[in-house]
Amino acid sequence: MEINLVAAAGTTLINPSCCFKSTFSSSSSSSSSSSSSSSVVCQSSIMHSKDQISHDEYQKTADWLMSQTKHRPQVAIICGSGLGMLADTLKCQDSFAYSDIPGFPQSTVQGHAGRLVFGELKGKTCVCMQGRFHMYEGHSLAKTTFPVRVFKLLGVETLIVTNAAGSLADGFHPGDIMIIKDHVNFPGLVGLNPLSGPNDDKFGPRFPAMSSCYDKDLRCLALDIAKQQGVSGFMQEGVYAMVGGPNFESIAEARLLHRLGVDAVGMSTAAEVVVATHCGLRVFGLSLITNKVVKSYEDSESVNHDGVLEVGRLRSLTVQQLVTELISRIEINNNDDSKNAV
Ligand SMILES: O=P(O)(O)O[C@H]1O[C@H](CO)[C@@H](O)[C@H]1O
Ligand SMILES: Nc1nc2[nH]cnc2c(=O)[nH]1
């Protein structure tokens, strides 16, 4: 497949309707914080008590969803920019607009439809986010990762995260699919972490390890599947970095990321994976490389969101077939967390 990545000018990100008030204002909390220390008020300038989401709030959303659908998902999928078609493969669908789900944030980005789709795929029950939430939309990190904890309460065991990303690694090309073997959570390194604030012990420990957050067996399985499907020619494995966005990288930033060992960069995913790992979900992640990040002052190319979405469309079938086969071969333990809620 030929992918023309010469990007047309002009980004088409929809102007986010929400403002940064929820993240950065200092007004008091309307919700209680964690189970263990609900009276603690975080004094940090980058994490406010109002960003905390109580266990009850996650549970209310999970209970509402369970009252609306008979599906009890074992696998959750988060669709990246332009990858929403992953939901189309689900059979016996029940779908909900985010605006109808109590407690759910809203998607504001083009290419993120804003629907939660439940259904069956190859004998597994799945829930699929057609559209995710990004920090740059003005959501707190706790909000961007809200669905992940709801999935845990629904009984999900495995989370599949997908994203569109720009490549820094030499030898990566637009249209390549990178299996994520690790990440650099840049917002997290400077204290912007969805786990900041009082820890909710019901979900996981105060200090979770992140040294094996992308499941090795699933990565090997995906590489095997790619071989069988005859697409290993454009499979890669590498390190994804999450940056805050919404602007794409300057050349100096691109060079810095490259020197740091980052293979692909985007504006999502790592925060979701941190929360998923904290609450014990098994994670598989893939990045669709939609563009090369410009690293040279001689290079006249520039990236835009339309180009990103276009590569998503061109590679949609391959991504869909890979993820479908992976799901069919995932082993499920049948921990019914929806009955034994954490
Ligand atoms: O990470 P996803 O949601 O796939 O989207 C990626 O694509 C958008 C930029 O085109 C950014 O939101 C970036 O994070
Ligand atoms: N930060 C970042 N996000 C992206 N999402 C898709 N492409 C890119 C990119 O080049 N940079």
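Can you report the number of residues in the range 96-125 which are closer than 24 Å to K60 by Cβ and in contact with a Ser or Thr (Cβ under 9 Å, 6 or more places away or on another chain)?
Adding up the residues that qualify gives 17.
Residues in the range 117-136 that are within 28 Å of Q93 (Cα to Cα), within 16 Å of ligand 1 (Cβ to nearest atom) and in contact with a Pro (Cβ under 7 Å, 6 or more places away or on another chain): how many?
Restricting attention to the range 117-136, the residues satisfying the condition of being within 28 Å of Q93 (Cα to Cα) are 117-134.
Those left that are additionally within 16 Å of ligand 1 (Cβ to nearest atom): 128-134.
The next check asks that each one be in contact with a Pro (Cβ under 7 Å, 6 or more places away or on another chain); those that pass are 129, 133.
Total satisfying the criteria: 2.
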Q: Could you list all residues from the range 72-111 that are away from ligand 1 (no atom under 16 Å from the Cβ) and in contact with an Asp or Glu (Cβ under 8 Å, 6 or more places away or on another chain)?
A: R72, Q74, V75, L90, K91, C92, G103
**Q.** Scope the range 146-192; condition under 21 Å from V319 (Cα atoms) and either of a type in the set (K, R) or not assigned by TED's automatic domain parsing to the domain that holds K202 (or both); matching residues
**A.** K181
Q) With respect to the numbered conditions (1) of a type in the set (D, E, K, R); (2) assigned to a strand (DSSP E or B); (3) crowded, with 23+ Cβ neighbours inside 10 Å, which one is the sole condition not fulfilled by E120? A) (3)
(Q) Go through (1) surrounded by 20 or more Cβ atoms within 10 Å (Cβ to Cβ); (2) in a strand (DSSP E or B) for F96 and report which single condition fails. (A) (1)
Q. Here is a list of conditions, (1) closer than 30 Å to P208 by Cα; (2) open to solvent by 30 Å² or more (accessible area, probe 1.4 Å), and L314 meets all of them except one; can you say which number that is?
A. (1)
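Those residues that are open to solvent by less than 20 Å² (accessible area, probe 1.4 Å) and not charged (D, E, K, R), I need them from the range 167-184; list them, please. Give the steps one after another, and end with the answer.
Here is the first cut: in the range 167-184, the residues open to solvent by less than 20 Å² (accessible area, probe 1.4 Å) are 167-169, 172, 175-180.
Those that are open to solvent by less than 20 Å² (accessible area, probe 1.4 Å) and not charged (D, E, K, R): S167, L168, A169, F172, G175, I177, M178, I179, I180.
Scanning for something among the acidic types (D, E), within 16 Å of ligand 2 (Cβ to nearest atom) and either surrounded by fewer than 21 Cβ atoms within 10 Å (Cβ to Cβ) or not assigned by TED's automatic domain parsing to the domain that holds L288 (or both), does the range 224-239 turn up at least one residue? Steps first, please.
Initially, the range 224-239 is screened for residues among the acidic types (D, E), giving 224, 237.
After this cut, where a residue has to be within 16 Å of ligand 2 (Cβ to nearest atom) as well, the list is none.
No, that holds for no residue.
Restricting to the range 148-166, and then to whatever is open to solvent by 10 Å² or more (accessible area, probe 1.4 Å) and farther than 19 Å from L86 by Cα, can you tell me which residue is nearest to the chain's Cα centre (by Cα)?
Of all residues in the range 148-166, those open to solvent by 10 Å² or more (accessible area, probe 1.4 Å) come to 149, 152, 157, 164.
With the extra rule that they be farther than 19 Å from L86 by Cα, the set shrinks to 149, 152.
Numbers: R149: 13, K152: 15 Å.
Applying the filter and picking the extreme gives R149.
Yes or no, residue by residue, for (1) within 16 Å of ligand 2 (Cβ to nearest atom); (2) not in a loop (DSSP other than H, G, I, E, B):
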residue	(1), (2)
R72	no, no
G82	yes, no
C92	no, yes
F104	no, no
**Q.** Some residue of the range 254-265 being open to solvent by 20 Å² or more (accessible area, probe 1.4 Å), in the same structural domain as D182 (by TED's automatic domain parsing) and closer than 18 Å to I77 by Cβ
**A.** no
Q: Would you mind stating whether G197 is on the phi > 0 side of the Ramachandran plot and in the same structural domain as V294 (by TED's automatic domain parsing)?
A: yes
**Q.** Candidate set: the range 217-267, residues that are β-branched (V, I, T) and within 21 Å of the chain's Cα centre (by Cα); chosen: the one nearest to P187 (Cα to Cα)
**A.** V243
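The values are calculated or read from the model by the stated rules, or taken from the named source; none is laboratory data. Keep in mind that this is a model prediction, so the values were computed, not measured. With ideal geometry, Cβ positions are generated from the backbone for all residues, glycine too; neighbour counts draw on all protein chains shown. When the accessible area is computed, the model is the full protein with side chains, heavy atoms only, and any ligands, DNA or RNA have been set aside. Shrake-Rupley method; radii C 1.70, N 1.55, O 1.52, S 1.80 Å.
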